[in-house]
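Below: one structure, written as structure tokens.
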């Protein structure tokens, strides 16, 4: 069931429609930051975007957007403005260059640069990925029959990346007989991929190339047929599933399914036991599935159950039954099953019942066991249940804040569960767990080079009272010996949208903050699913402001408890978490010394009013439909861009990518331009645009580490704790 979760996680925010102004009107007042820097000690002047009023009307309400023209990606004046902002950012951060380099070397120095993943067995092979020192990208490899066998390199992404500033290789999928691999390759960052095929016996790339599609691909069992998803070239909505037979012209590929409802996207994958190919259609509040015998790839897909509003479910197959994880009469989901030839609800029978205090998240199927992923009190739990029902038990992890997850388990006929575990003080660890004897075997723990000792750090799980009385979970980590006297710098992270839960994971780069006295905390605000489905429902639509006030209340709680003070409190969030950053910056600018907003979605109303973009309409059930006056005014009341005002703001670092396909670069660019025009303080405001990347930032690991070092330098410099 991980496939549907992964596909839904890719769901992007709306793409604002390009409004083309005559080029002559697109003037940019650029200050020439680099030139001024060389003129002596004079501080560089920040760029100023030209004010070109553009009227936006809805429900009789007129809004003026002075920077609407910045959405013209191909306009040289827009590029010049972004480059001027980058020059200004570089000039304003020049005094931290030595610190940035030191941080980069620290981050890199903790990582074992030549390393490999724990191999997992599938069929006749052990599969793994490995890294080599000095190289940015992984190498995918395998060994036949034994780990002592000769290595077969399937894909070296470093070779595919040659000559490209950005490279993303996704979905490497080996055919059932192990002779071929399909993979998706993107060199821009806007998530348009070319699907290629490689003969693993000869090492040759096949002539077949499916261009400008999604990374979603699934093999049928004949080892010649693949199914893949195509997106709308403008909106990026995944709306078509095609069938391709190797050796034929992709231009003649057969369309097997088209999703006509603009609120839905679709994807394709295969059940774990490789019995069925599944096409899934999904939207915020509803799912629908079709299935096809994977041994009959030329056949017709069969509808599992017609879609119903407010019915979310996922399916997998085992034996004579489909298993259904469903919220039908179960807000936190329950598990049902039905015979493969009778999939209507009338034939469903309950396997795992609903519980008010436990969110049922996922199911992993084995021959003699099922493993359920659940969330209780904000933490993941792994529940092992024999099909017989006897000997059911939970794994014990023994830490107050952690994340546990089902890892690679492609084989059904085994009693061994492969799972991963980490906490804010424990690096990622991979275990094999014998579900019969209950014996755990640690296979690998990520090695942190240098003098790292987990006993030097303390993790806590706190609960902060929100203004309406609910208790908001907070995960926190710091170096042992911390004095809670209010003088510690603290970085507070949050997200709070789409039901995405932010787990307390380990990050070796974060040690560069902790070792300099920083406290790091995660506010598990409403809008995520940390405390079950209701926690999500209470942070969306007309309750969205709970996300923002929860974050503010957590910040005030940490101050009251002596962890920090407003002069040393920092906040960070990205994408929809960047919306959170923009909202709290408007609502309580006095509470934070600095904010890092990564690829922030900040122009909520303008984006959500563009009905020509299906990704907008597909998210009406997350944010609301602004064509309805109640939602329009509510969204307008918190949209960060619309609520920038003449007041003091914290120091701000804003990042974006020119090719971002989820939050377009012009949203943070417009936000910064408006902040420059209206804010009344002299605090730092810098915009850093990666001209080669998309939503996820740099693709190479070394450049990504430098991005982290830059952000840490921004925080440490403001906190005055560079050493």
Is it the case that residue 140 is outside any strand (DSSP E or B), buried (at least 17 other Cβ atoms within 10 Å of the Cβ) and either modelled with pLDDT of 95 or more or more than 31 Å from the chain's Cα centre (by Cα) (or both)? no
Within the stretch 222-235, which residues are surrounded by 19 or more Cβ atoms within 10 Å (Cβ to Cβ) and over 17 Å from residue 268 (Cβ atoms)? 235
Can you tell me how many residues within the stretch 330-340 are outside any loop (DSSP other than H, G, I, E, B) and surrounded by 14 or more Cβ atoms within 10 Å (Cβ to Cβ)? 5
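Using the structure shown, decide if residue 210 is under 30 Å from residue 73 (Cα atoms), in contact (Cβ under 8 Å) with a residue 12 or more places away in the chain and touching a strand residue (DSSP E or B) at 6+ places or on another chain (Cβ under 6 Å). I'd like the intermediate steps shown before the answer.
Working: under 30 Å from residue 73 (Cα atoms): yes; in contact (Cβ under 8 Å) with a residue 12 or more places away in the chain: yes; touching a strand residue (DSSP E or B) at 6+ places or on another chain (Cβ under 6 Å): yes.
Spelling it out, residue 210 is indeed under 30 Å from residue 73 (Cα atoms), in contact (Cβ under 8 Å) with a residue 12 or more places away in the chain and touching a strand residue (DSSP E or B) at 6+ places or on another chain (Cβ under 6 Å).
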Looking at the stretch 382-389, can you tell me whether even one residue there is surrounded by fewer than 19 Cβ atoms within 10 Å (Cβ to Cβ), farther than 20 Å from residue 503 by Cβ and under 27 Å from the mean Cα position of the chain (by Cα)? no
Looking at the stretch 651-668 only, could you name the residues that are more than 16 Å from residue 576 (Cα to Cα) and either at pLDDT below 95 or assigned to a helix (DSSP H, G or I) (or both)? 658, 659
Note: among 118, 174, just one is at pLDDT 95 or above, in contact with a strand residue (DSSP E or B) (Cβ under 6 Å, 6 or more places away or on another chain) and surrounded by 21 or more Cβ atoms within 10 Å (Cβ to Cβ), namely 174
Among strands (runs of 3 or more DSSP E) entirely inside the stretch 174-257, those with 1 or more residues being farther than 22 Å from residue 158 by Cβ and more than 25 Å from the chain's Cα centre (by Cα) are 205-213, 217-219, 225-231, 238-245
Condition first: surrounded by fewer than 18 Cβ atoms within 10 Å (Cβ to Cβ), assigned by TED's automatic domain parsing to the domain that holds residue 672 and more than 22 Å from residue 604 (Cβ to Cβ). Can you find one or more residues in the stretch 63-73 that meet it? no
Within the bounds of the stretch 399-407, is there any residue that is more than 25 Å from residue 459 (Cβ to Cβ) and at pLDDT 95 or above? no
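If I ask for residues that are without any contact (Cβ under 8 Å) to a residue 60 or more places away in the chain, over 21 Å from residue 526 (Cβ atoms) and assigned to a loop (DSSP other than H, G, I, E, B), which ones from the stretch 483-510 would you list?
Here is the first cut: in the stretch 483-510, the residues without any contact (Cβ under 8 Å) to a residue 60 or more places away in the chain are 483, 499, 502, 507, 510.
Cutting the leftovers down to over 21 Å from residue 526 (Cβ atoms) gives us 483, 507, 510.
Result: 483, 507.
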Would you mind stating whether residue 648 is out of contact with any strand residue (DSSP E or B) (no Cβ under 8 Å at 6 or more places or on another chain), within 18 Å of residue 88 (Cα to Cα) and either at pLDDT below 95 or in a loop (DSSP other than H, G, I, E, B) (or both)? no
For the stretch 143-171, enumerate the residues that are crowded, with 16+ Cβ neighbours inside 10 Å, in contact with a strand residue (DSSP E or B) (Cβ under 8 Å, 6 or more places away or on another chain) and part of a loop (DSSP other than H, G, I, E, B). 166, 167
Confirm whether residue 469 is within 19 Å of the chain's Cα centre (by Cα), over 30 Å from residue 112 (Cα atoms), modelled with pLDDT of 95 or more and part of a loop (DSSP other than H, G, I, E, B). no
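For a quick check of your reading: which helices (runs of 4 or more DSSP H) sit entirely within the stretch 525-606 and have at least 1 residues that are under 17 Å from residue 651 (Cβ atoms)? Let's see the steps before the verdict.
Working: elements: 533-537, 545-560, 576-587.
So the answer is 545-560, 576-587.
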Counted residues in the stretch 74-113 being outside any helix (DSSP H, G or I), within 30 Å of residue 716 (Cα to Cα) and more than 26 Å from the chain's Cα centre (by Cα) come to 1
Looking for whichever is touching a residue at least 40 places away in the same chain (Cβ under 8 Å) and part of a strand (DSSP E or B) here; the options are 464, 404. Which one fits? 464
Those residues that are surrounded by 20 or more Cβ atoms within 10 Å (Cβ to Cβ) and not in a strand (DSSP E or B), I need them from the stretch 417-447; list them, please. 424, 425, 435
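Does residue 393 fit the bill of being under 21 Å from residue 286 (Cα atoms), without any contact (Cβ under 8 Å) to a residue 60 or more places away in the chain and touching a strand residue (DSSP E or B) at 6+ places or on another chain (Cβ under 6 Å)?
On the way: under 21 Å from residue 286 (Cα atoms): no; without any contact (Cβ under 8 Å) to a residue 60 or more places away in the chain: yes; touching a strand residue (DSSP E or B) at 6+ places or on another chain (Cβ under 6 Å): yes.
When the stated conditions are applied, residue 393 does not pass them.
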Go through the stretch 672-710 and count every residue that is in contact with a strand residue (DSSP E or B) (Cβ under 7 Å, 6 or more places away or on another chain), assigned to a helix (DSSP H, G or I) and closer than 19 Å to residue 80 by Cβ. 3
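Can you tell me which residues in the stretch 37-68 are part of a helix (DSSP H, G or I) and touching a helix residue (DSSP H, G or I) at 6+ places or on another chain (Cβ under 7 Å)? It would help to see each step written out before you state the result.
Quick first cut of the stretch 37-68, residues part of a helix (DSSP H, G or I) only: 37, 68.
Hit for the stretch 37-68 is 37, nothing else.
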Quick one: residue 343 ticks every box in (1) out of contact with any strand residue (DSSP E or B) (no Cβ under 7 Å at 6 or more places or on another chain); (2) assigned to a loop (DSSP other than H, G, I, E, B); (3) under 30 Å from residue 260 (Cβ atoms) bar one, so which box is it? (1)
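The values are calculated or read from the model by the stated rules, or taken from the named source; none is laboratory data. In this text the structure is predicted, and so the values were computed from the model without any measurement. Positions of Cβ are backbone-derived with ideal geometry, glycine not excepted, and every protein chain shown enters the neighbour counts.
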